[in-house]
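Below: one structure, written as structure tokens.
What follows draws every value from the coordinates through simple rules; no lab data is involved. It should be emphasised that the depicted structure is a prediction, and the values quoted were computed from it without experimental measurement. Cβ: placed from backbone, ideal geometry, glycine included. Neighbour counts: every protein chain shown.
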Amino acid sequence: FPKLDSFFLTPADVHAEGTVNIEGVVMDNFPASTFAKQDGSEGKVGRLVLEEGGARINLVLWDDKVEEFGEIPKGTRIQVISGTVRTGNSGSPEVHVSWDTAIKIIKKGVKPSEPVPYWTKIGDLGESMGSVNVAALATQVGEERGFVRRDGTEGKVVSVLLEDDTGTVRLSLWDDDADKAQNIFEGTRIIVENGYTRSGYGGIDLNVGRNGRIHIDPEDFEMEIPEIERKVTDIIDLREGQKNVSIHGQLLDDPVQRDIDTSRGPATVTNFRIDDGTGEARVSLWREHAEAAMDLSAGAEVRLEYMNVREPFDGLLQVSSGAFTKVVIERK
């Protein structure tokens, strides 16, 4: 007969929805929260992070299971029998524990046999990743933006650009977390624990969500954030699809401004060509940057930071401003 362990998957093996038996080590637990059920009674939900096989997955506990297993200490190896795999809000699978699910504690004070590196570099982030821990520096903080959800409630979000020595990513802070942006400035150290990624406007978004935590300039974390050198990319080395690149060069013609209709409403854009000695590119500066660019003329020298590279037009790559663009005028 096969060994009993062979009937249990690791978090790395969980991809499809359905019933699952899974084994792993508890690496984190999150305080339970309550909610109102349709019948008016109070429900409870808690979450554990399970790790093994070089991957992590969230274990979602409901009602009585929260009381029974919600405070399992970190470093405990458990087996979950008849859990239900569902796709979470992040797009990643998670295992739900309900009344008919059994949890068996195997051993305490252990580590995963195949652990996940605790920190994920920004350059290694991809779409629909869950349970990621990121340490980085904040380089820009956007304005708070309000919105209305489908159910009519109001929400708010603030975007923060994070950077490490491998790249940049936009961190989206929602609702109560958005208020924390008041304490974030350029150079602030940011820790995101148990975050998740999804495809956003213009690239990958990193989110904290209900299962995660954000720490601002923490003192009790062992982490290493290499010093970041602001790199200027030669135009000849630009490639379509690059995000948040910086270029420097001289305007070849006077800027031209026009108003256009976009999917996000009317907008103003200013265009000009730029040359850095290695090649030429066509620049599009939008909205507030469009107005500032009209003070320039042919021959001016500028540094454009956090630009996005788009498909060629008339034989030239297009470099377009984004949410975090900075325009530095070095010589008019």
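Could you give P(r) for the stretch 4-107, binned at 10 Å from zero, as whole percent values over all Cα-Cα pairs?
For the stretch 4-107, the pair-distance distribution reads 16, 52, 27, 5, 0.
Take the Cα pairs of the stretch 122-216, get the Kirkwood Rh, then feed it into Stokes-Einstein at 10 °C and 1.306 mPa s and tell me D in µm²/s.
119 µm²/s
Can you give me the pair-distance distribution of the stretch 71-127, C-alpha pairs, 5 Å bins, whole percents?
Result returned by the calculation: 4, 14, 15, 19, 24, 15, 8, 2, 0.
Taking Rh as the Kirkwood radius computed over C-alpha pairs, what is the Stokes-Einstein D of the stretch 235-331 at 20 °C in a medium of viscosity 1.002 mPa s, expressed in µm² per second?
Values: Rh = 13.2 Å.
D, rounded to a whole number, is 162 µm²/s.
How high is the FRET efficiency between LYS108 and ALA323 when r is their beta carbon distance and R₀ equals 45 Å, given to the nearest 0.05?
Between LYS108 and ALA323 the formula returns 0.45.
How big is the gap, in Å, between the Cα center of the stretch 89-157 and the Cα center of the stretch 233-257?
35 Å
What ³J(HN,Hα) values, in whole Hz, does the Karplus curve 6.51 cos²θ - 1.76 cosθ + 1.60 give for the stretch 33-43 when θ = phi - 60°, with x put for Gly and Pro?
Karplus-based 3J(HN,Hα) across the stretch 33-43 equals 10, 10, 8, 8, 7, 4, 7, x, 6, 9, x Hz.
Compare the peptides 113-126, 59-72 by average per-residue count of other Cβ atoms within 10 angstrom and give them in order, highest first.
Top of the packing list down: 59-72, 113-126.
Given 5 Å bins starting at zero, what is the percent of C-alpha pairs of the stretch 22-71 in each, up to the one with the largest pair distance?
5, 21, 26, 20, 12, 8, 5, 2, 0
Report, in listed order, any pair from LYS74/LYS104; LYS231/LYS332; LYS74/LYS180; LYS156/LYS180; LYS74/LYS108; LYS74/LYS111 with a Cα-Cα distance greater than 19 Å. Write down the numbers at each step before the final one.
Details: LYS74/LYS104 15 Å; LYS231/LYS332 23 Å; LYS74/LYS180 27 Å; LYS156/LYS180 12 Å; LYS74/LYS108 8 Å; LYS74/LYS111 9 Å.
Those over the limit are LYS231/LYS332; LYS74/LYS180.
Apply the Kirkwood formula to the chain: the hydrodynamic radius equals the inverse of the mean of 1/r over all pairs of different alpha-carbon atoms; give it in Å with one decimal.
Result for the chain, one decimal place: 22.5 Å.
Going by how many other beta carbons lie within 10 Å of each one, how would you line up VAL232, VAL141, fewest first?
With the sparsest Cβ surroundings first, the list reads VAL232, VAL141.
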